[in-house]
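Each remark here refers to the structure printed beneath this line.
Read the figures in this text as sums done on the coordinates, not as results from a lab. Note that the structure is a prediction, hence the values are computed from the model and not measured. Methodologically, a virtual Cβ is constructed for each residue, glycine included, from the backbone with ideal geometry; neighbour enumeration extends over all protein chains shown.
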Amino acid sequence: MAVHTDISQLKGISRPIVTIGTFDGVHAGHKAILSKVVTYAREVGGESVLLTFEPHPRKVLFPTQPLGIITPLQRKTELIAATGIQHIVVVPFTKEFAALSAEDYIKNVLVDPLRPHTIIIGYDHHFGHDRTGNIDLLRRYAPTYGYNIVEIPAQLIDQATVSSTKIRKAILAGHIAEANTMLGREYTLEGTVVHGKKLGRELGYPTANIAPLNADQVVPGIGIYAVRVRIDNVLYGGMMSIGLNPTVSHTQDVKLEVNIFDIDADLYGQVLEIGFADRLRNEQKFSSLEELIAQLHADKAAAMAALG
C-alpha cells in the first residue's frame with residue numbers, strides 16, 4: 001500500500017478505482033465500503049484508491065467546535081492498508097481547498113491528477129464550496145471526463161455514519177467495551193510520557209503520566225480502565241486512570257496515568273500506544289491512602305482478569 005501526500009505527483013496508477021471520505025474509525029461499516037472498492041478494482045483489473053483529507057474538514061470549517069476524531073492519520077492509514085486498499089491519497093484540507101467550486105474540484109482534484117476509471121461514491125457525498133457538488137453532478141460530468149460512477153448502497157453509508165457517531169459517544173461516555181465491539185478492535189490512543197508528581201511510587205503503583213499526541217483525538221471518559229500498552233513493539237498489561245485524582249489532588253485538570261505491569265524502566269519522553277480493553281470502575285474519592293491502596297490491589301486483579 002502506498003500513501004501519497006502530493007496529489008500533483010501521482011503517476012502510474014492503472015485504471016484507478018477511486019472512493020472519497022474521511023473514514024474516521026475505519027470500523028465495520030467503513031470496511032464494508034472499502035471491501036466493495038477493493039473487489040471492484042480487482043474485477044476490472046484496476047487499482048483501488050482512497051482519497052482522504054488532513055486535517056479533518058471540520059477542524060478547518062468549524063475551528064471552535066471540539067473535533068473528537070477516533071483515528072489519527074497514521075493509525076487510519078495502517079487500518080485502511082489492512083483492508084486491501086492499494087493507494088491512499090492524503091489531500092491537505094485548507095480554507096483555499098474548501099473554497100474550490102464543485103466543478104473545479106472534479107477537474108483539479110479528481111480528474112487531472114487521478115484519471116479515474118471509476119468513482120465509487122455514496123448517495124449523500126457532498127464536495128466543493130458550500131457542498132454544492134454531489135453524485136448527480138459527478139454523473140453529469142462522467143461523459144465529459146470519461147469515468148464511470150458506482151453508487152454505494154444507502155444502507156452501507158447510513159451504517160457507517162451512525163457507527164462513527166455511536167463509537168465517538170461510547171468512548172466519551174467510557175463505554176469502551178461497546179466502542180470496541182463496533183470498532184472490531186480495541187480503541188487505541190498514543191501519548192508521550194511526561195513528568196508528574198510521582199505519587200504513584202509512594203503507593204506502590206508507579207504511573208506514567210500521558211500527554212496525548214493528538215489533541216483532537218477522543219479521550220475516554222473519566223474512570224479506571226484495563227489497558228494494553230505497546231512499548232517498542234512489546235505489549236504489556238496495565239491499568240489506567242483518567243480523571244482528577246480526588247483522593248490526592250484538588251485540581252480540575254483531567255490527567256491520564258497508566259500503571260504498567262511487569263516493567264521497570266525510565267519511560268520519560270517515550271511514545272506509548274495504549275489500547276483500552278475494558279472499563280473497570282468509576283473514579284472514587286477515598287477517605288485514606290490505605291483505602292486507595294486496597295482499591296488499587298483490587299483494580300490490578302480486575303485488570304489482569306479483563307486482559308486474560
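The equivalent ellipsoid that matches the C-alpha gyration tensor of segment 101-146 spans semi-axes of 16, 12, 9 angstrom, in descending order.
Residue order for Phe97, Phe62, fewest other beta carbons within 10 angstrom first, comes to Phe62, Phe97. Relative to one another, the C-alpha centroids of segment 147-202 and segment 244-308 are positioned 21 Å apart. Applying 1/(1 + (r/R0)^6) with r as the Cβ-Cβ distance of Phe286 and Thr64 and R0 = 45 angstrom yields a FRET efficiency of 0.75. For the chain, the antiparallel share of DSSP beta bridges with both residues in that region comes to about 60%. Taking a straight Cα-Cα cut-off under 22 Å and skipping sequence neighbours fewer than 8 places away in the same chain, the lysines within cross-link reach of Lys169 are Lys31, Lys59, Lys76, Lys255. Here the simple spin-label model places points 7 Å from the Cα toward Cβ, and for Ala305 and Asp158 these points are separated by 4.1 nm.
Specify whether the C-alpha gyration tensor of the chain places it in the rounded, prolate or oblate class, a ≥ b ≥ c being the square roots of the eigenvalues: rounded for a/c under 1.5, otherwise prolate if a/b is larger than b/c and oblate if not. Verdict is prolate for the chain. Per-residue ellipticity at 222 nm from helix content only, as computed over the chain with -39500 (n - 2.57) for each DSSP H run of at least four residues, stands at -9500 deg cm²/dmol. Charge dipole (Cα centre; +1 on Lys/Arg Cβ, -1 on Asp/Glu Cβ; no other charges) of segment 187-307 amounts to roughly 180 debye. Projected label points at His129 and Ala177, each 7 Å from Cα along the beta carbon direction, are separated by 5.2 nanometres.
Projecting the Cα atoms of Thr132, Ser163, Leu50 onto the dipole axis of the chain, where Lys and Arg carry +1 and Asp and Glu carry -1 at the beta carbon, places Thr132 farthest toward the positive end.
Placing unit charges on C-beta atoms (Lys and Arg positive, Asp and Glu negative, everything else neutral), compute the dipole magnitude of segment 2-168 about its Cα centre in debye, rounded to 20.
Numbers: 17 positive and 15 negative charges, 58 e Å.
It comes to approximately 280 debye.
Net length available on complete extension from Thr192 to Thr5 is 64.8 nm, with 0.36 nm assigned per residue and the Cα-Cα distance removed.
Arrange Asp299, Asp124 by Cβ neighbour counts within 10 Å, fewest through most, would you?
The most exposed by this proxy come first: Asp124, Asp299.
Once Lys and Arg get +1 and Asp and Glu get -1 on their Cβ, which of Ile121, Gln86, Tyr147 lies farthest toward the positive end of the dipole of segment 2-168? Ranked along the dipole, the leading option is Gln86.
With a Förster radius of 45 Å applied to the beta-carbon distance between Ala142 and Asp266, the computed FRET efficiency rounds to 0.15.
Among Tyr268, Tyr40, the ranking by other beta carbons within 10 Å of each residue's beta carbon, starting with the fewest, stands as Tyr268, Tyr40. Evaluated with a Cβ-only charge set (Lys, Arg +1; Asp, Glu -1), the chain carries a dipole of roughly 460 debye about its Cα centre, given to the nearest 20.
Shown here is the pair-distance distribution of segment 187-307: with all Cα-Cα distances grouped in 10 Å bins from zero up to the longest one, the shares run 13, 51, 33, 3 percent.
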